[in-house]
1. Report the Cα centroid-to-centroid distance between region 13-71 and region 119-168 in angstrom, as an integer.
2. Calculate, in nm to one decimal, what F48 and L122 gain on full extension: separation in residues at 0.36 nm each, minus their alpha carbon distance.
3. Return, ordered by residue number, the residues of region 125-148 whose backbone nitrogen is under 20 Å from a label point located 7 Å along Cα→Cβ of L154.
4. Report the equivalent ellipsoid semi-axes for region 4-64 in whole Å, largest first, defined as the square roots of five times the eigenvalues of the gyration tensor built from alpha carbon atoms.
5. Can you work out the Karplus-derived ³J(HN,Hα) for every residue in region 159-166? Use 6.51 cos²θ - 1.76 cosθ + 1.60 with θ = phi - 60°, whole Hz, and x for glycine or proline.
6. For K51, give me every one of the lysines with a C-alpha distance below 21 angstrom, ignoring sequence neighbours fewer than eight places off in its own chain.
7. Zone of L74 (label point 7 Å along Cα→Cβ, backbone N under 15 Å): which residues in region 34-56?
8. Can you count the Lys pairs in region 119-178 with C-alpha separation below 30 Å, eight or more apart or on different chains?
Amino acid sequence: MGRGRVQLKRIENKINRQVTFSKRRSGLLKKAHEISVLCDAEVALIVFSSKGKLFEYSTDSCMERILERYDRYLYSDRQLVGRDISQSENWVLEHAKLKARVEVLEKNKRNFMGEDLESLSLKELQSLEHQLDAAIKSIRSRKNQAMFESISALQKKDKALQDHNNTLLKKREGEENGSSRRTINPMHQQGYNPSAPILFNLIQR
């Protein structure tokens, strides 16, 4: 006798539910990868656990590109069939898209911080490593440029201070030389008059 169809229902035991989720999630990610390779298809898979943890797989290194393509397809499809979506529904759809993008960006941020790497495939880990290497090179290049600019600015400031100091020294030397030339003879300062002895001799004669 053939095996009867098993009725699907929620697993009540938390431990068994978590184990089953982990196994089925791994199998689902594996199947998504296989269909993308065997059929040369673009696949995007997003899974949220019961605790809200995000797991994803995409054939492209950037999930956003596939989501944008999906959005364009939905938009063109709505245009073809002539569906009239109300403004409120548009806002709901836009909110859902933005929320999904935020969650993807948050996951990418955690990956860049070295967190939640268990769900990433080897290809995704290699892509993440290349992105980090490129980011580090860019940061180092900008840091070196900033250091050179800082050193150049300090050198210019030092030269300006030296020039200003030399100018002050020359000004001080000029003032000292002028002061020495203007110094009055001490005999003049005591009221000495060179014609006085002659006048005194004339009076005695």
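1. When both Cα centres are located, 39 Å separates them.
2. Using 0.36 nm per residue and subtracting the Cα-Cα distance, I get 24.5 nm.
3. Inside the label zone: 140-148.
4. Working through the eigenvalues yields semi-axes of 26, 16, 8 Å.
5. Running phi through 6.51 cos²θ - 1.76 cosθ + 1.60 with θ = phi - 60° gives 5, 5, 5, 5, 4, 5, 5, 4 Hz.
6. Cα-Cα hits under 21 Å: K9, K14, K23, K97, K99, K107, K109.
7. 44-46
8. 11
No lab work stands behind these numbers, since they all come straight from the coordinates. Treat the numbers as computed from the prediction; the structure is a model and nothing was measured. Neighbour counts are summed over all protein chains in view; Cβ atoms, including those assigned to glycine, are modelled from backbone coordinates with ideal geometry.
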